[in-house]
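Engineer: Following this message is one structure expressed as structure tokens.
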Ligand code: AMP
């Protein structure tokens, strides 16, 4: 599959700045520039897949989730609770075509989501 570059690719390659909070060989996590909660971090695989459905590597998918949990732990969200969100496609509101999980915390969330 052709790799389509996005703003997250530029962050991963350190071409543009980001507030990085967690990194492994395969995963990067950085603060969202338009936070929707007191804690709002994006967790991404360094390899580019346009959405979760195209992510054909289950091990990497697991590492993405591990990254989310590690971020929640390191930012002190475990006791209060947190939300992990992956938007896929237009109706879900996905705007960046590089799969990413949002880790949100620090306030009460509603269900169902808007
Ligand atoms: P989504 O709408 O699920 O595709 O989420 C994309 C997220 O990326 C949004 O919450 C944006 O605020 C965030 N975002 C866009 N550009 C940047 C950037 N340069 N650094 C950090 N977050 C960004």
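Values quoted throughout were computed directly from the atomic coordinates according to the rules given, and no laboratory measurement underlies them. Remember, it's a predicted structure, so these values are computed and weren't measured experimentally. Don't worry about glycine lacking a Cβ; one is built from the backbone with ideal geometry, like all the others, and counts go over all protein chains shown.
Engineer: Would you check which residues across segment 76-114 are away from the ligand (no atom under 16 Å from the Cβ) and in contact with a strand residue (DSSP E or B) (Cβ under 6 Å, 6 or more places away or on another chain) and list them?
Structural biologist: 77
Engineer: Hey, can you tell me all the residues within segment 62-72 that are buried (at least 22 other Cβ atoms within 10 Å of the Cβ), free of Cβ contacts under 8 Å to residues at least 40 places away in the same chain and over 12 Å from residue 86 (Cβ atoms)?
Structural biologist: 72
Engineer: Of the numbered conditions (1) in contact with a strand residue (DSSP E or B) (Cβ under 6 Å, 6 or more places away or on another chain); (2) in a loop (DSSP other than H, G, I, E, B); (3) within 15 Å of the ligand (Cβ to nearest atom), residue 8 fails exactly one; give the number of that condition.
Structural biologist: (2)
Engineer: Let me ask you something else. Output the residues belonging to segment 7-48 that are crowded, with 18+ Cβ neighbours inside 10 Å and free of Cβ contacts under 8 Å to residues at least 40 places away in the same chain.
Structural biologist: Hits for segment 7-48 are 11, 12, 18, 28, 30.
Yes or no, residue by residue, for (1) more than 11 Å from the chain's Cα centre (by Cα); (2) loosely packed, with under 13 Cβ neighbours inside 10 Å; (3) in a loop (DSSP other than H, G, I, E, B):
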{"site": "50", "(1), (2), (3)": "yes, no, yes"}
{"site": "60", "(1), (2), (3)": "yes, no, no"}
{"site": "76", "(1), (2), (3)": "yes, yes, yes"}
{"site": "87", "(1), (2), (3)": "no, no, yes"}
{"site": "90", "(1), (2), (3)": "yes, yes, yes"}
{"site": "108", "(1), (2), (3)": "yes, yes, yes"}
